[in-house]
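**Q** Next up is a structure, given as structure tokens.
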Amino acid sequence: MVSIGSVVVGVADVPRAVVFWTDVLGYVLREEPEPDWAVLVPADGRGVRLSLGLSDVPVQSYPRIHLDLYAADAADQAAEVERLVSLGASRVDWDRYPPDPDFVVLADPDGNRFCVIDTSHG
């Protein structure tokens with residue numbers, strides 16, 4: 001049986017992405033990054049890694065794969081969205097929200113979409 005060891009995200013600026021995602025997730029660098037590659041790991045060493053690879057491919061407006069970041073409830077979700085925006089994320093004018101969404105769509109500084117989920121939402 002296999003398991004997910006790392007999620008790989010293509011970025012235009014590896015050093016900028018390292019700063020953003022380490023601040024967002026509280027992850028640390030596994031080792032000194034290369035100019036075109038970095039691996040971030042949870043500070044406690046347990047969990048899925050986030051690998052950042054240099055890419056010149058344009059960001060997809062409707063990505064087939066994205067990250068979901070979990071918040072405990074609506075208040076935590078709102079606070080996290082504000083924190084992430086202060087770190088450099090941007091709000092995405094998402095035209096595919098359902099009537100009562102449990103998620104907020106944001107983009108990292110490279111434009112990669114990700115969601116902040118209210119896990120207490122009915």
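**Q** Taking Cα atoms, how many degrees apart are the long axis of helix 74-86 and the longest axis of the chain, rounded to 10 and kept between 0 and 90?
**A** For helix 74-86, the angle is close to 50 degrees.
**Q** What value in Å³ per residue do you get for the convex hull of the alpha-carbon atoms in the chain?
**A** 132 Å³
**Q** Would you please give the residues with an amide H less than 5 Å from that of Val11, counting only those at least 5 places away or on a separate chain, with H modeled from the backbone geometry?
**A** Result for Val11 returns Gly53, Leu54, Ser55.
**Q** What does the net charge come to around Val39 if you take all other residues with beta carbon closer than 13 Å to its beta carbon, with K and R at +1 and D and E at -1?
**A** Charge balance near Val39 sits at -2.
**Q** The stretch 52-120: percent of C-alpha pairs farther apart than 18 Å?
**A** The proportion of pairs with Cα distances above 18 Å equals 37 percent.
**Q** Using only helices, what value at 222 nm comes out for the chain when you add -39,500 (n - 2.57) per DSSP H run of length 4 or more and divide by the total residues, to the nearest 500 deg cm²/dmol?
**A** -6500 deg cm²/dmol
**Q** Report, by chain and number, residues whose modeled amide H sits under 5 Å from the one on Ala89, excluding near sequence neighbours (fewer than 5 apart, same chain).
**A** none
**Q** Something else about it: For the stretch 7-77, which trypsin sites (Lys or Arg not before Pro) are both in a DSSP coil and crowded by at most 10 other Cβ atoms within 10 Å? Present the calculation step by step, with values, prior to reporting the outcome.
**A** On the way: sites: Arg16, Arg30, Arg46, Arg49, Arg64; in loops: Arg30, Arg46, Arg64.
Sites meeting the loop and neighbour criteria: Arg46, Arg64.
**Q** Given the convex hull of the Cα atoms of the stretch 1-72, what is a quarter of its surface area in nm²?
**A** Mean shadow area of the hull around the Cα atoms is 6.3 nm².
Each value in this text was obtained by applying a stated rule to the coordinates, not by laboratory testing. Note that the structure is a prediction, hence the values are computed from the model and not measured. As a convention, Cβ positions derive from the backbone with ideal geometry for all residues, glycine included, and neighbour counts pool all protein chains shown.
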